[in-house]
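Reading through the structure tokens given below for one structure.
The values are calculated or read from the model by the stated rules, or taken from the named source; none is laboratory data. None of these values were measured; they are calculated from a predicted model. Every residue, glycine as well, gets a Cβ built from its backbone with ideal geometry; the counts of neighbours run over all protein chains shown.
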Amino acid sequence: LDGYVHGPAKGYASGEVEIALLDAKLQPAVRGGRIFHIDAPQQAALRYLSNLLGAELPAVNWGDRVFSANEGRAPLIGVLDYNFGKYQFLPLPGANLRVERGALPGENATAASPSDFTVCTFNLHGLGCGAEQHPDPADYDAALARRARIIAGTLAGCTLIGLQETGAPADAEALARRLVEEYDLPYIAVALPGPGTFDPDFPLTNGFLLRSDRATALAVDSPQTCTAQDYDVPLTGGNSCPPGQFPLFDRPPLVLDAAVSGAWGEDFVLRVVNNHWKSKAGDESVNAPRAPGAGAQHRRHRAGTAGRRPRSPSDRARRPQRLL
């Protein structure tokens, strides 16, 4: 066993841990060094480690190298399983695994200058207190600290950050406070309860972090669509449906109108749409009627380019710039 960690190392409230690895011999063939969900052939090359049989797996991050200390001596013994479209290797207890930290070079966002601003997106992977998330206060605090550290260390004080998979609006607020108190990053949280907020096991809510020294929230909404089919989606956020119709999206988008200040003068007004699409890999048809994802993206917007002047709040009657 010798591979590089790609994607998140998932941990569950049950204690289960899953790590996605790419064989070290295949890493040079990966375009750009990273594997994305849309690249099915490269996704298929991943192998997954699980601790379900009792092996102790190391805590890892993207880019770490995981290898067996037994290479060339005693073999690594376990069970090869297949589930949910992927192969899983479950080592037996006593597996001797080692980690080389940061074996792959990471990528950091570029800090905004006074003449531009940045818009980022960040999936928090279930940062909530649900029964299948982090119900233990100490575990929750550790998860919060880790996510705050990654945001502070990689997103370079991004002006606006779209958040997916906070459990509830309070979790986005806790993240903003941690970034202010520990990293001196002046973030404020903007979030609205959605249909998934009240799930007792795995609540999910979209949100935003805004740099209070550069951005102001003008309006926030979570629009819903109605349909004749009842999907058991609760109405939230002041949305309503006519008689005989029911809410459609269990993950509606969160829409933010914001004004961003900069060296250009008048505030630049834009609309940012935060989506968290639901899907099942290899079977999009299951969710096609309801999907209104999120990957790690970073977009720089230079105000006033291409002949456009920055917009001020007084321009709100005009159509704002949009980022999706």
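Okay, here's what the table says:
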item	result
Residue that is modelled with the highest pLDDT, among those in the stretch 8-46 that are surrounded by fewer than 16 Cβ atoms within 10 Å (Cβ to Cβ) and acidic (D, E)	D23
Scope the stretch 104-153; condition closer than 30 Å to F268 by Cβ and among the aromatic types (F, W, Y); matching residues	F117, F122
Of all residues making up the stretch 13-35, the number that are closer than 26 Å to P93 by Cα and among the hydrophobic types (A, V, I, L, M, F, W, C)	7
Options P223, P195; residue that is surrounded by 14 or more Cβ atoms within 10 Å (Cβ to Cβ) and at pLDDT below 95	P195
Members of the stretch 234-274 that are outside any loop (DSSP other than H, G, I, E, B) and of a type in the set (D, E, K, R)	D257, R271
Scan of the stretch 52-75 for residues that are over 30 Å from N108 (Cβ atoms), at pLDDT 85 or above and part of a loop (DSSP other than H, G, I, E, B), ordered by number	L52, L53, G54, A55, E56
Qualifying positions in the stretch 198-220 - small (G, A, S), under 13 Å from L160 (Cβ atoms) and either surrounded by fewer than 23 Cβ atoms within 10 Å (Cβ to Cβ) or touching a helix residue (DSSP H, G or I) at 6+ places or on another chain (Cβ under 9 Å) (or both)	G207, S212, A217
Filtered residues of the stretch 156-166 (kept if surrounded by 22 or more Cβ atoms within 10 Å (Cβ to Cβ) and either within 14 Å of the chain's Cα centre (by Cα) or among the aliphatic types (A, V, I, L, M) (or both))	L160, I161, G162, L163, Q164, E165, T166
Within the stretch 221-233, considering residues that are in a loop (DSSP other than H, G, I, E, B) and of a type outside the set (G, A, S), the one farthest from L192 (Cα to Cα)	Q229
Checking G157 against (1) in a loop (DSSP other than H, G, I, E, B); (2) in contact with a Pro (Cβ under 8 Å, 6 or more places away or on another chain); (3) not polar (S, T, N, Q), the condition it does not meet	(2)
Failed condition for Y183, given (1) in contact with a strand residue (DSSP E or B) (Cβ under 9 Å, 6 or more places away or on another chain); (2) farther than 28 Å from S14 by Cα; (3) of a type in the set (S, T, Y)	(1)
Selection within the stretch 131-152 - crowded, with 19+ Cβ neighbours inside 10 Å and assigned to a loop (DSSP other than H, G, I, E, B)	Q133, H134
Test: G78 is modelled with pLDDT of 95 or more and either on the phi < 0 side of the Ramachandran plot or of a type outside the set (D, E) (or both)	no
P243, sole failed condition from (1) out of contact with any strand residue (DSSP E or B) (no Cβ under 9 Å at 6 or more places or on another chain); (2) under 29 Å from I188 (Cα atoms)	(2)
Residue satisfying condition, being more than 20 Å from the chain's Cα centre (by Cα) and closer than 14 Å to L104 by Cα, within set A44, A29	A29
Residue within the stretch 167-182 that is in a loop (DSSP other than H, G, I, E, B), farther than 20 Å from R251 by Cβ and over 16 Å from the mean Cα position of the chain (by Cα) present	no
Options G293, G237: the member that is within 30 Å of G106 (Cβ to Cβ), of a type outside the set (F, W, Y) and either at pLDDT below 90 or loosely packed, with under 12 Cβ neighbours inside 10 Å (or both)	G293
Qualifying position, being exposed (fewer than 12 other Cβ atoms within 10 Å of the Cβ) and either within 19 Å of the chain's Cα centre (by Cα) or outside any loop (DSSP other than H, G, I, E, B) (or both), among L90, L124, L80, L49	L80
